[in-house]
Amino acid sequence: MPRPIQACIDLAALRHNYLIAKSSVAGQGQPARAWAVVKADAYGHGLMRAATALADVADGYALLDLEAAVALRDAGFRQPILLLEGFFEPADLGACAEYGLIPCIHRIEQLHMIRAAALPVRLPIYLKLNTGMNRLGFTPDQMPDVRHELAVSSALGTVTLMTHFAEADGGRGIAWQLERFEAMREGWSAACPVSLANSAAILRYPQTAHDWVRPGIMLYGGSPFADADAASFDLKPVMTLHSRILAVQEIVAGERVGYGGTFEAQQPMRVGVVACGYADGYPRHAPSGTPILVAGQRTQTLGRVSMDMLACDLSTLPEAGVDSPVVLWGEGLPADEVAAAAGTISYELFCALARRVPVVEV
Ligand SMILES: Cc1ncc(COP(=O)(O)O)c(C=O)c1O
């Protein structure tokens with residue numbers, strides 16, 4: 001019998017969440033189209049699985065790897081595909097043209113490469129503007145060169161202007177970046193499509209929707225906000241990580257639990273040992289007190305997370321014992337809550353799900 005750990009992926013929830021993204025921006029004039037952001041193996045949920053589940057609703061897919069994009073095309077997906085980090089070398093451009101992929105362009109050399117490539121089709125691009133994230137994209141002083149290159153190049157198809165918000169989920173918001181974006185956009189044709197919004201902006205600033213939005217974490221039922229949970233936006237968890245109790249220890253006051261003995265019992269306790277550890281993707285840095293569900297009841301972890309196991313408190317759950325079902329995160333226990341207890345975000349929990357964990361679709 002395999003270890004009892006299993007990740008369940010709720011495909012109906014994924015579709016539901018995508019439609020929430022669409023409806024969140026539906027009231028903003030011409031409804032925006034939505035790239036389903038499926039990078040990082042669909043945030044750990046499985047690229048092909050997620051793409052298939054969304055196939056008849058998704059306006060397009062956004063991801064990073066050329067190889068993954070080509071795999072989608074080979075599997076028959078015909079929607080537009082956006083390469084969020086663009087292309088990496090001229091040799092990638094043939095595939096972009098052949099498979100109809102749209103690269104994000106963030107360095108002037110990439111525009112030169114497209115012009116030099118003599119592609120059989122005009123290549124549509126997303127032009128990434130750096131409005132304050134300072135990760136990828138053109139700065140205002142680079143724009144004259146960009147505009148010159150666009151004027152002299154006949155190799156390009158539709159040019160979409162994009163930027164990425166650094167603090168749509170936080171107190172500083174988006175106004176400061178929007179201001180910079182509008183200044184950089186001045187003089188561009190109004191017909192030039194625009195794509196700005198990630199999940200946080202879709203939910204909090206739907207007026208930024210424009211032509212295309214780029215929902216990521218919200219598709220998977222995670223909240224982009226530390227101060228608002230996913231359920232408050234009617235988002236449903238997609239990944240639920242299940243396991244079982246595989247042993248129970250009765251300990252007396254003064255006994256410690258796990259490596260390093262970081263948790264010490266102050267009174268007699270029942271300790272459940274769960275078949276899940278950091279080699280399954282559970283965060284090793286989750287401290288004692290991280291929430292966990294045992295037999296549907298909320299309790300907390302105890303001591304350090306080991307490679308294959310972690311401990312939890314069964315003292316208040318006398319009916320729980322060996323074989324009791326455990327939910328590490330997902331249905332009944334938001335991944336955001338577990339992530340917050342562990343000092344991280346649900347994005348990281350989902351992406352870290354280990355390959356050794358069997359996945360079932362529900
Ligand atoms: C360019 C870009 N757009 C959209 C997203 C989706 O962001 P989120 O998962 O916060 O919705 C990301 C994710 O990092 C991104 O890099």
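The values are calculated or read from the model by the stated rules, or taken from the named source; none is laboratory data. Because the structure is predicted, anything quoted here is derived from the model rather than measured. Positions of Cβ are backbone-derived with ideal geometry, glycine not excepted, and every protein chain shown enters the neighbour counts.
Anything in segment 215-238 that is surrounded by fewer than 23 Cβ atoms within 10 Å (Cβ to Cβ) and assigned to a loop (DSSP other than H, G, I, E, B)? List them, or say none. Please lay out each step first, then the result.
At the first step, the residues of segment 215-238 found to be surrounded by fewer than 23 Cβ atoms within 10 Å (Cβ to Cβ) are 225-229, 231-234, 236.
Selection gives Phe225, Ala226, Asp227, Ala228, Asp229, Asp234, Lys236.
I'd like to verify a number: residues in segment 194-214 that are away from the ligand (no atom under 12 Å from the Cβ), surrounded by 17 or more Cβ atoms within 10 Å (Cβ to Cβ) and of a type outside the set (Val, Ile, Thr), how many?
Here is the first cut: in segment 194-214, the ones away from the ligand (no atom under 12 Å from the Cβ) are 194, 205-211.
Right, trim to surrounded by 17 or more Cβ atoms within 10 Å (Cβ to Cβ) and you get 194, 205-206, 208-210.
Those left that are additionally of a type outside the set (Val, Ile, Thr): 205-206, 209-210.
Final tally of qualifying residues: 4.
What residue, of Gly332, Gly303, is crowded, with 19+ Cβ neighbours inside 10 Å, small (Gly, Ala, Ser) and not assigned by TED's automatic domain parsing to the domain that holds Asp41? Reasoning before the result, please.
Details: Gly332 fails: crowded, with 19+ Cβ neighbours inside 10 Å.
Within the list Gly332, Gly303, the selection yields Gly303.
Filter segment 32-61 down to the residues that are surrounded by fewer than 19 Cβ atoms within 10 Å (Cβ to Cβ) and without any contact (Cβ under 8 Å) to a residue 60 or more places away in the chain, then identify the one that is farthest from the ligand (Cβ to nearest atom).
Asp56
Which one of these is touching a Cys at 6+ places or on another chain (Cβ under 6 Å), outside the structural domain of Pro144 (by TED's automatic domain parsing) and among the small types (Gly, Ala, Ser): Ser243, Ser232? Outline the logic, then answer.
Working: Ser232 fails: touching a Cys at 6+ places or on another chain (Cβ under 6 Å).
Being touching a Cys at 6+ places or on another chain (Cβ under 6 Å), outside the structural domain of Pro144 (by TED's automatic domain parsing) and among the small types (Gly, Ala, Ser) holds for just one of Ser243, Ser232, which is Ser243.
Yes or no, residue by residue, for (1) at negative phi; (2) under 22 Å from the mean Cα position of the chain (by Cα); (3) away from the ligand (no atom under 16 Å from the Cβ); (4) of a type in the set (Phe, Trp, Tyr):
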residue	(1), (2), (3), (4)
Leu156	yes, no, yes, no
Gly171	yes, yes, yes, no
Ile174	yes, yes, no, no
Glu179	yes, no, yes, no
Ala191	yes, no, yes, no
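Tally up the residues in segment 120-145 that are part of a strand (DSSP E or B) and either among the β-branched types (Val, Ile, Thr) or away from the ligand (no atom under 14 Å from the Cβ) (or both), please. Can you show your working first?
The first filter runs over segment 120-145 and keeps only residues part of a strand (DSSP E or B), leaving 123-129, 138.
From what's left, either among the β-branched types (Val, Ile, Thr) or away from the ligand (no atom under 14 Å from the Cβ) (or both): 123-125, 138.
Counting residues in segment 120-145 that are part of a strand (DSSP E or B) and either among the β-branched types (Val, Ile, Thr) or away from the ligand (no atom under 14 Å from the Cβ) (or both) gives 4.
Taking Val326 and the conditions (1) in a loop (DSSP other than H, G, I, E, B); (2) surrounded by 22 or more Cβ atoms within 10 Å (Cβ to Cβ), which numbered condition does it fall short on, given that it satisfies the others?
(1)
Restricting to segment 222-243, give me the number of residues that are under 14 Å from the mean Cα position of the chain (by Cα) and among the polar types (S, T, N, Q).
Of the residues in segment 222-243, 1 are under 14 Å from the mean Cα position of the chain (by Cα) and among the polar types (S, T, N, Q).
Just checking, how many residues over segment 1-14 are outside any loop (DSSP other than H, G, I, E, B), of a type outside the set (Gly, Ala, Ser) and surrounded by 21 or more Cβ atoms within 10 Å (Cβ to Cβ)? Working first, answer last.
Applying the first criterion (outside any loop (DSSP other than H, G, I, E, B)) to segment 1-14 yields 6-9, 11-14.
Next, from what is left, pick out any that are of a type outside the set (Gly, Ala, Ser): 6, 8-9, 11, 14.
Those left that are additionally surrounded by 21 or more Cβ atoms within 10 Å (Cβ to Cβ): 9, 14.
Summing the residues that are outside any loop (DSSP other than H, G, I, E, B), of a type outside the set (Gly, Ala, Ser) and surrounded by 21 or more Cβ atoms within 10 Å (Cβ to Cβ) in segment 1-14 gives 2.
Please go through (1) touching a residue at least 40 places away in the same chain (Cβ under 8 Å); (2) surrounded by 14 or more Cβ atoms within 10 Å (Cβ to Cβ); (3) in contact with a strand residue (DSSP E or B) (Cβ under 6 Å, 6 or more places away or on another chain) for Ala247 and return the number of the only condition it doesn't satisfy.
That leaves (2) as the condition not met.
So that you can scan it fast, the table gives a plain yes or no per residue for (1) free of Cβ contacts under 8 Å to residues at least 12 places away in the same chain; (2) within 21 Å of the chain's Cα centre (by Cα); (3) closer than 21 Å to Pro120 by Cα:
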| position | (1), (2), (3) |
| --- | --- |
| Leu64 | no, yes, no |
| Gln79 | no, yes, yes |
| Glu85 | no, yes, no |
| Pro90 | no, no, yes |
| Leu93 | no, no, yes |
| Cys96 | no, no, yes |
| Tyr99 | no, no, yes |
| Ile105 | no, no, yes |
| Glu109 | yes, no, yes |
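Take the conditions in a loop (DSSP other than H, G, I, E, B) and under 26 Å from Ala42 (Cβ atoms) and apply them to Pro287. Does it pass? Spell out how you get there, then give the answer.
Values: in a loop (DSSP other than H, G, I, E, B): yes; under 26 Å from Ala42 (Cβ atoms): no.
Answer is no for this residue.
Go over the candidates His148, His242 one by one and state the one that is farther than 26 Å from Pro31 by Cβ and either assigned to a helix (DSSP H, G or I) or β-branched (Val, Ile, Thr) (or both). Step through it out loud before you land on a result.
Numbers: His242 fails: either assigned to a helix (DSSP H, G or I) or β-branched (Val, Ile, Thr) (or both).
None of the other options fit; the residue is His148.
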